[in-house]
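Down below is the structure, laid out as structure tokens.
The values are calculated or read from the model by the stated rules, or taken from the named source; none is laboratory data. For clarity, every value in this text was computed on a predicted model and none was experimentally measured. These area figures cover heavy atoms from the full protein model, side chains too; ligands, DNA and RNA do not enter into them. Shrake-Rupley method; radii C 1.70, N 1.55, O 1.52, S 1.80 Å.
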Amino acid sequence: MTLSRPERIDLLLTRQQRLEREPEPREPLGSLSAIERAVIDATIALLSPGQKFALLWSVQVGEHLVAGVQIKERGGSVTNLLPPVEVLEHLADHKRMSYDPQTGAWLSAEIFIAGPTRYKTSYSTGAIADWMPEVTAEDLTAEFAAFPRPDSEIPDWARSQIDWAARKTG
């Protein structure tokens, strides 16, 4: 299941919109598994009777943080929703906590949820699905400054985008 561009654009939140919706400060969770549990529980809470499957996706590159939830109905139709702000915050915490200097931090996440104990997580340090929002060379540069990784771990597509932007402006 993938998003089409027009549907996806409506789901994007600007940094200002996220700040305006932000609740009171919260206590970060202490482990990756606790974060995943909270994210899954919050996503499941969005489901209504007759909805059987949810895909939570996120792209976090530099200051660029977007996410969405696709809910599949039993009849096959798909509903697109914005995740709660707490989910975005938990995913940002997850990224920080899972950072590894040898491989970097994840750039995109997909969590397929079929029930409280039936889910599959996928965090990618090297790819962003074609249907997800694009990131800029500035976002990539900020990402690799915030979460350094060896040059060999910078994806070719990201290096090309950064190099192309530098040639264009240089």
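Report in % the part of the accessible area of the stretch 36-108 that belongs to carbon and sulfur, leaving out ligands and nucleic acids; probe 1.4 Å.
53 percent
Taking only the Cα atoms of the stretch 18-170, how large is their convex hull per residue, in Å³?
Cα convex hull per residue, to the nearest whole number: 132 Å³.
Output wanted: per-residue J couplings in Hz (rounded whole) for the stretch 99-104, from phi through Karplus 6.51 cos²θ - 1.76 cosθ + 1.60, θ = phi - 60°, x for Gly and Pro.
Per-residue couplings from phi come out as 4, 10, x, 7, 10, x Hz.
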